[in-house]
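Trainee: This is the structure I have questions about; it appears just below.
The values are calculated or read from the model by the stated rules, or taken from the named source; none is laboratory data. Note that the structure is a prediction, hence the values are computed from the model and not measured. A quick note on method: Cβ atoms are made from the backbone with ideal geometry, for glycine too, and the neighbour counts reach across all protein chains shown. To get the accessible areas, we keep the full protein, side chains included, count just its heavy atoms, and leave off ligands, DNA and RNA. Shrake-Rupley method; radii C 1.70, N 1.55, O 1.52, S 1.80 Å.
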Amino acid sequence: MAKREIWHELLVNTSPERLYEAVAKAEGLAHWWTTGARGDSAVGKRIEFWFDNFCASIAEITMLKPGELVRWHITGGAATDWLDTDVEFKIFR
């Protein structure tokens, strides 16, 4: 399959540190992605994204740079279209 990239740029009125907390930690993700976000926020650990009793995806955290970058690799879950997808959040002013 050919490699595809999708880019989204979002402008938010917050500090890089607060934005990092919202995308790097399960507690932050549970405020805007799904309330069923759970897991550990450390490189090599996993975050799971649950919608009620449905585990949509499981992501391995591959890179964390506080206030700058969060990168995941999707390794499992019922949303098989996401398997082997890399998700990256670049944070900058």
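Trainee: Being more than 19 Å from ARG93 (Cβ to Cβ), part of a loop (DSSP other than H, G, I, E, B), open to solvent by 40 Å² or more (accessible area, probe 1.4 Å) and free of Cβ contacts under 8 Å to residues at least 12 places away in the same chain narrows it down to one residue among GLU9, GLU5; which is it?
Mentor: GLU5
Trainee: Under the condition of being charged (D, E, K, R) and within 20 Å of GLU9 (Cβ to Cβ), which residue from the range 60-93 is farthest from the chain's Cα centre (by Cα)? Please lay out each step first, then the result.
Mentor: Pass one, the range 60-93, residues charged (D, E, K, R): 60, 65, 68, 71, 81, 84, 86, 88, 90, 93.
Within this subset, residues satisfying the condition of being within 20 Å of GLU9 (Cβ to Cβ) are 65, 68, 71, 86, 88, 90, 93.
On the way: LYS65: 13, GLU68: 14, ARG71: 7, ASP86: 9, GLU88: 7, LYS90: 11, ARG93: 20 Å.
Looking at residues that are charged (D, E, K, R) and within 20 Å of GLU9 (Cβ to Cβ), I get ARG93.
Trainee: Hey, another quick one. For the range 47-93, enumerate the residues that are touching a residue at least 24 places away in the same chain (Cβ under 8 Å) and among the basic types (Lys, Arg).
Mentor: ARG93
Trainee: Would you mind stating whether VAL23 is touching a residue at least 40 places away in the same chain (Cβ under 8 Å), in contact with a helix residue (DSSP H, G or I) (Cβ under 9 Å, 6 or more places away or on another chain) and not polar (S, T, N, Q)?
Mentor: yes
Trainee: Exactly one of these conditions fails for CYS55: (1) out of contact with any helix residue (DSSP H, G or I) (no Cβ under 7 Å at 6 or more places or on another chain); (2) open to solvent by 30 Å² or more (accessible area, probe 1.4 Å). Give me its number.
Mentor: (2)
Trainee: If you don't mind, there's one more thing I want to ask. Of all the residues that make up the range 39-58, how many are among the aliphatic types (A, V, I, L, M) and farther than 13 Å from GLY77 by Cβ?
Mentor: 2
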